[in-house]
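Quick notes on the structure that follows.
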Amino acid sequence: MFRMPGARHAMRLTLFAGLACGAASAAFAAENQGITKDEILLGSVLDLSGPVASIGVPVREGQDMAIQAANDAGGINGRKIRIIYADSGYDPKKAIIATQKLVNDDHVFAFVGQVGSAIVHVTMPMIINNGALLLFPNAPIEEVYEPTKPLAFTMQPAFNVQARLATAYAYNTLGKRKFCAFYQDDDSGEQVLRGINEGLDQVGAKLVEKASYKRGATDFSSQFARLKQADCDIVMFGAVVREAAAAMLEKQKIGWNVDVLVSQPSATDTVVRLAGSAAEGMLGVNQMLPLDMIKDQPNVVPVFKAYAESHGGKLPDPAFLYGYNFMNLFIEAARRTGPDLTTQNLVKTLEQIHDLDLNFGMAPATFSATQHVGSLSTNLLKVVNGQWTRIGVLK
Amino acid sequence: MIAFLQQVISGAAVGIVYALVALGFVMVHKSTQIFNFAQGELMMLGAFAAYTFIILFGLPFWLGAILAIASVAVFGAVLDRLLLRRMVGTKPFTIFMLTVGIGFCIRSIVMLVPMWGTDTYSLPSPLQGRIFSFGGLIISADHAVILATAALVTTALFLFFRFTRLGLAMRAIAQNPLAASYLGVRVDSLFSIVWALSAAAAALAGVMLAPLSFVHADMGQIGLKAIPAAVLGGFDSLPGAIVGGMIIGIVESLAGFYCPEGVKDVAAYVVLLLVLAVKPRGLFGHPDVKKV
Amino acid sequence: MALLEINDLSLQFGGLKAVDGVSFSVKENEILAIIGPNGAGKTTVFNAVSRIYRPSHGSIRFAGEELTRLRSDQLPRLGLARTFQNIELFAGTTVLSNILLGCHVHRRTGLIAELLFLPSARRQEIAFRAQVEELVDLLDLGAYLHTEITSLPYGVRKTVELARALAIRPRLLLLDEPSSGLNVEETAHVGELIGRIRDSFRTAVAMVEHDMSLVNGVSDRVVALDAGRVVAEGSPDEIRNNDAVKSAYLGVT
Amino acid sequence: MSKKSELVTGVRDLTLAGLLGRQRPVAIALLVALAVVPCFHSGYWLSQLTFVAIYAIAGFGLQILLGFAGQVSLGQAAFLASGAYVSAYVERIGLGAPLGFAAAIFLTAGLGLLVALPALRMAGLYLAIATMSFGFIVEEVMARWTSVTGGNAGIAIPAIKLGSLSLGQPWQIYYLSWALALVVLLISANLLRTPIGRAMLAIRDSEIAARSSGIRVSRIKAVAFGLSAAFAGLAGALYSHAIGFISPDQFTIAMSLDLLVMILIGGLGTLRGVLLGAVFLVVSPELFQQLIGLFTSGNTEVAGLRPLLFGVSLIFVLLFQPDGIDAMVTRIGEWVAGPAAGGKR
């Protein structure tokens, strides 16, 4: 090209070094990473500052309390649990970097309770290809269990599964015929929509009208005017907490008393708290029972009491239950595996778990060699005098 | 037809919230030439302040609201004294980025405050759930109040800028700070007042919005909807901001009702681009010619 | 024939007629001065010629081309360059790149050649710098070549702007108040410079100027404007003793 | 050597070596360091540096647009998205990675020109907002155009295939990203020493003077938009393969703002600043987390702290170091190497 002695030399050097190193650094999966004789090292990449921090934060609180309890009780077969958290800020780049660190530098044994669909999508291959376990992510993603992957387990099927069941119930039991859908313009919302359509196909029915909104929307008048005009007899929600509550208020405002059946994200105490009277009579499906229904259980009371003491008397956020239960599920599995805790052995134990009920609001868990999703059933809930109550279980 | 009218009404009701935030944009830009990207976050702060006074401290709604607005106004003035004051004379874009940084910080601080954090809180207004309906047209009491307040605020501001010495000075200051000083007003304190005013407008919007869409750390996003409103209005005209907000609100509402899904979410921006393509400085904007 | 021919040029802002039926011409290789009290429309005429303003009526022919039909950025290619009353430099860059920007019109390379810095681009850069070199020597700016404009004294900035205009290798150079903001010595220097430019580049010069010493010193002809009209035209001496001009100046004091 | 020969033969900056000026040794050292990183770090630093390269590429694009031509864009994320999805699509229909990258670059450049059309008439604030709106619209299109983009569910991106060779390993992406980043850097540097690049600086500083110097402002602006979009497109294509999965919620205004913050903190108008900014953007949150770790129980993060880091750094830089980290480095360099250290621009 032109005079550049130093630079050209550098190029050669670079190329040479590059090839040399490339060859040298073939990635390898360390067996039994993260397990020492007195410690189990876990990792968790969740959103603590971004758009889904409202889930990431309570999930972490739940996991921490479960770990605390286990460690105070002497740990698991003599091993204490240590967990390293990383804030993804819901930024996949950050999630990848953090996961790389946890996998390659910290050599964590398993990732428990990753939060966020995109985050789980981008980190899953890196985790399981490096021989670490991906356990119970907080994201409804079919790819985690379909097809079954040896190192990935989840308690959360894609939302379409529950939506399908809910639709069938509304059609057969409630005798609804004109279905409308109101859903968030993102993956979780569209999963629900898919489930509704699947459910309707089974009975040869069609969706009458659907309306979507963007996360963070504040006004739903046009959507509801549209649904009301379609004059449907039930509105299926694929909405997330805040918007679901605001939508219920809108529905009340326009004085339209149509039945509403909400999906997992909004079948929670928060929605009832926010929507108040407008939430009365609302139906919902959720694998996790609302706080209100379990907060008086003898085994729950002390936990919430401890939480309240450290959080200014507040009840935990519903998402707390995911962190708490999923972590306890791991702890239970690890305990059952016994002192010889290896990736392979834990997988064996998990695959033998049958109908395990932690009695803390979470649906009983059942895994097998061919099925790595813990539960495909869901609770059918209804708001009666400002309180969620269970009126059945859908299978 | 009735459906159409209903959409226009509820659109206008939403638009007015955009407009209130837009007012903040306009006031600051009018007299300091700054585009304050943190306006939405200030609104969010206002909502949280109201939540604190009303729910946590148990004050009556209106009192709490006023205190919230006042405290955010003070915060705005402090921002000006601590940060923006030092930036006088630097490129507009640099100052814009400074406000971006301020936005980051506000959001982060709200998350870090223990009693706020990442949760969503309800802040029911005394009129919660009450609705007026005439001839099939429905408008909720909350929206009615918002409309009324907005009208009030705008008139007040309008008169303020038209007839008070301070107001005149603020208008003058945009053209040249010297003129303002002739009016016997200290320019630097003037900027602080401007910031206080626009922060107050944002907070007011926050208080108004809270009963409808709750209090949470992501509220600031509304600011992004208010920007098109302000731009349509020409970014330097208070009535323009109101009109712009209305247009955005109504367009969204109609698009949501009549157009395929997804259109509603971008309608505001499509309209904005169309307007800018025809009038590069907004509907009410004036071109500025460089003298050589 | 004349190089620049302005015919019955009119231009108004709103109601106000800033220029009203002005006609004059600049011959090859001559130095023409345009004088007149403030607001007489001198700079406006320049801005109309360099297509910053759109005339409402009249024609501006330069080297046989009708300028009113062209964009301002097309003029330099025809050999028309200008400086500004209150200097318009590229403040964020160095003296060197400011002057090199004058060479822009002589650019022969395409985007690709430049992005890849192909030999053609490199040869061109070297050629450009050779030209800059001449100008730098003529206007002795050598000391400031790599200095950012913002850290230059006012006088030097004016010279840089002049150098940039000359890099266009113009046939006609429009100078808007070359002496404004300069002290007596600097002004004298500018005068002698303008003469040198005309001789060494065979460039015609038209300048708007207040300083009569400069005008009388260098210009071959003078056009006097008042209230947007030409009130007198002739040699410096003729203009000096022209009553219309006198009254024009007295009129506005 | 005499002034004249210095200028004309242009040893100062008309050769690559000259371009680096006094930083040549440093640059070569860094180059070698980059080349040997994979020997010592299998994952963590490798992936960080990969993203540094990718963000630098997008950053060079934005620097050309904003730092050189003075045109603000709040919609760069849309260009990255276009690059990511175009390359994904082209590779999905089996035309191969090289074509995919080419398409990503050129189609995105086309998109950039498209945006430039209305943008040419707008200035400052209005341009910023127009580009922001454009970003939002593209976001919605990604979500709705399911047949191509896979919609909100997103699409998995397979490893780059070059014939039989598959670039799936982190170190392979790493080398690819940096090779391309260096090419883009060189191209940007060339821009600055040739007419079109200078013309950009000109229209940034004074459009009127630019016109009267024979520069066709609209065309130069269009070129700036095209180039910056092209680079963003390339970055997007790389990003998609480095991430392995793309969905619309990854290309939001947050990403556009990140890029702006990056070049502002790095240093507006300088290429070295882009590299420094990219390092800051990617690495500082990590260091920050380690730092927090020292004070908290050692292994957790505090909610909501990350925005604070960016916010505070941004405010600090704007108030006390308007020319960004780049200026600091220059000052340090001068202090070390004595006066008159040549800054790479």
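In the set (1) surrounded by 20 or more Cβ atoms within 10 Å (Cβ to Cβ); (2) in contact with a helix residue (DSSP H, G or I) (Cβ under 7 Å, 6 or more places away or on another chain); (3) modelled with pLDDT of 90 or more, the condition left unmet by residue A:227 is number (2). Of all residues in region A:279-334, those that are part of a loop (DSSP other than H, G, I, E, B) and among the polar types (S, T, N, Q) total 3. Take the conditions (1) in contact with a Leu (Cβ under 8 Å, 6 or more places away or on another chain); (2) without any contact (Cβ under 8 Å) to a residue 60 or more places away in the chain; residue A:379 misses just one of them, which is (2). Of all residues in region A:338-351, those satisfying the criterion of being part of a helix (DSSP H, G or I) and either free of Cβ contacts under 8 Å to residues at least 40 places away in the same chain or charged (D, E, K, R) (or both) are A:344, A:345, A:348, A:349, A:351. Can you confirm whether region C:118-126 contains a residue that is touching a helix residue (DSSP H, G or I) at 6+ places or on another chain (Cβ under 6 Å), at pLDDT 90 or above and facing another protein chain (nearest Cβ under 9 Å)? Checking region C:118-126: at least one residue is touching a helix residue (DSSP H, G or I) at 6+ places or on another chain (Cβ under 6 Å), at pLDDT 90 or above and facing another protein chain (nearest Cβ under 9 Å).
Residues of region A:290-307 include at least one that is surrounded by fewer than 24 Cβ atoms within 10 Å (Cβ to Cβ) and under 17 Å from the mean Cα position of the chain (by Cα).
The set of residues in region A:101-135 being of a type in the set (Ser, Thr, Tyr) and more than 20 Å from residue A:346 (Cβ to Cβ) consists of A:117 alone. Taking residue D:62 as the residue in question, decide whether it is assigned to a helix (DSSP H, G or I) and either within 9 Å of another protein chain (Cβ to nearest Cβ) or in contact with a Cys (Cβ under 8 Å, 6 or more places away or on another chain) (or both). No, not satisfied.
Checking each residue in region C:202-248 for being of a type in the set (Asp, Glu), closer than 16 Å to residue C:37 by Cα and touching a residue at least 60 places away in the same chain (Cβ under 8 Å) picks out C:209, C:226, C:233.
Screening residue A:39 against (1) facing chain D (nearest Cβ under 9 Å); (2) more than 22 Å from the chain's Cα centre (by Cα); (3) at pLDDT 90 or above leaves a single unmet condition, (1).
Within region B:66-87, being in contact (Cβ under 8 Å) with a residue 40 or more places away in the chain, surrounded by fewer than 20 Cβ atoms within 10 Å (Cβ to Cβ) and within 14 Å of chain D (Cβ to nearest Cβ) holds for B:81, B:85. Checked against (1) more than 18 Å from the chain's Cα centre (by Cα); (2) touching a residue at least 60 places away in the same chain (Cβ under 8 Å); (3) under 27 Å from residue D:206 (Cβ atoms), residue D:112 meets all criteria but (1). Counting only residues that are surrounded by 22 or more Cβ atoms within 10 Å (Cβ to Cβ), small (Gly, Ala, Ser) and at pLDDT 90 or above, region A:205-224 holds 2 of them. Evaluation of residue C:165 against the conditions (1) more than 9 Å from chain D (Cβ to nearest Cβ); (2) part of a helix (DSSP H, G or I); (3) within 29 Å of residue C:30 (Cβ to Cβ) shows that the sole unmet condition is (1).
Might you check whether a residue that is touching a residue at least 60 places away in the same chain (Cβ under 8 Å) and either touching a Lys or Arg at 6+ places or on another chain (Cβ under 7 Å) or not assigned by TED's automatic domain parsing to the domain that holds residue C:5 (or both) occurs anywhere in region C:181-201? Checked region C:181-201: no residue is touching a residue at least 60 places away in the same chain (Cβ under 8 Å) and either touching a Lys or Arg at 6+ places or on another chain (Cβ under 7 Å) or not assigned by TED's automatic domain parsing to the domain that holds residue C:5 (or both). Filtered by the rule that a residue be under 13 Å from the mean Cα position of the chain (by Cα) and more than 14 Å from chain A (Cβ to nearest Cβ), region B:244-266 gives a lone residue, B:244. For region A:119-145, residues that are in contact (Cβ under 8 Å) with a residue 60 or more places away in the chain and in contact with a Pro (Cβ under 8 Å, 6 or more places away or on another chain) total 4. Of the strands (runs of 3 or more DSSP E) contained entirely in region A:157-267, not one carries at least 3 residues that are free of Cβ contacts under 8 Å to residues at least 24 places away in the same chain, within 12 Å of another protein chain (Cβ to nearest Cβ) and touching an Asp or Glu at 6+ places or on another chain (Cβ under 9 Å). Only one of the numbered conditions (1) more than 10 Å from every other protein chain (Cβ to nearest Cβ); (2) within 28 Å of residue D:309 (Cα to Cα); (3) in a loop (DSSP other than H, G, I, E, B) is violated by residue A:74, and that is (2). The residues of region D:301-330 that are assigned to a helix (DSSP H, G or I), facing another protein chain (nearest Cβ under 7 Å) and not small (Gly, Ala, Ser), listed by number, are D:305, D:306, D:307, D:308, D:310, D:312, D:314, D:315, D:318, D:319. The lone criterion from (1) buried (at least 18 other Cβ atoms within 10 Å of the Cβ); (2) more than 11 Å from every other protein chain (Cβ to nearest Cβ) left unmet by residue B:63 is number (1).
If the condition is being more than 20 Å from residue C:210 (Cα to Cα) and touching a residue at least 40 places away in the same chain (Cβ under 8 Å), then region C:24-53 contributes C:27, C:28, C:29, C:50, C:53. For the residues B:125, B:133, the requirement of being out of contact with any helix residue (DSSP H, G or I) (no Cβ under 6 Å at 6 or more places or on another chain), away from chain D (no Cβ under 14 Å), polar (S, T, N, Q) and over 26 Å from residue B:36 (Cβ atoms) singles out B:133. For region A:322-348, how many residues are among the aliphatic types (A, V, I, L, M) and farther than 19 Å from residue A:44 by Cα? Matching residues across region A:322-348 total 1.
Conditions tested, residue by residue: (1) touching a His at 6+ places or on another chain (Cβ under 8 Å); (2) crowded, with 19+ Cβ neighbours inside 10 Å; (3) within 7 Å of another protein chain (Cβ to nearest Cβ).
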{"position": "D:148", "(1), (2), (3)": "no, no, no"}
{"position": "D:153", "(1), (2), (3)": "no, yes, yes"}
{"position": "D:189", "(1), (2), (3)": "no, yes, no"}
{"position": "D:198", "(1), (2), (3)": "yes, yes, yes"}
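Out of the residues in region D:238-285 that are more than 9 Å from chain A (Cβ to nearest Cβ) and aromatic (Phe, Trp, Tyr), state the one that is farthest from residue D:151 (Cα to Cα). Looking at the filtered set, the residue picked out is D:280.
Scanning for something assigned by TED's automatic domain parsing to the domain that holds residue A:71 and in contact with a strand residue (DSSP E or B) (Cβ under 9 Å, 6 or more places away or on another chain), does region A:292-315 turn up at least one residue? Within region A:292-315 (the criterion being assigned by TED's automatic domain parsing to the domain that holds residue A:71 and in contact with a strand residue (DSSP E or B) (Cβ under 9 Å, 6 or more places away or on another chain)), the answer is no, since none of the residues qualifies.
The values are calculated or read from the model by the stated rules, or taken from the named source; none is laboratory data. It should be emphasised that the depicted structure is a prediction, and the values quoted were computed from it without experimental measurement. Positions of Cβ are generated from backbone atoms using ideal geometry, with glycine treated the same way; all protein chains shown enter the neighbour counts.
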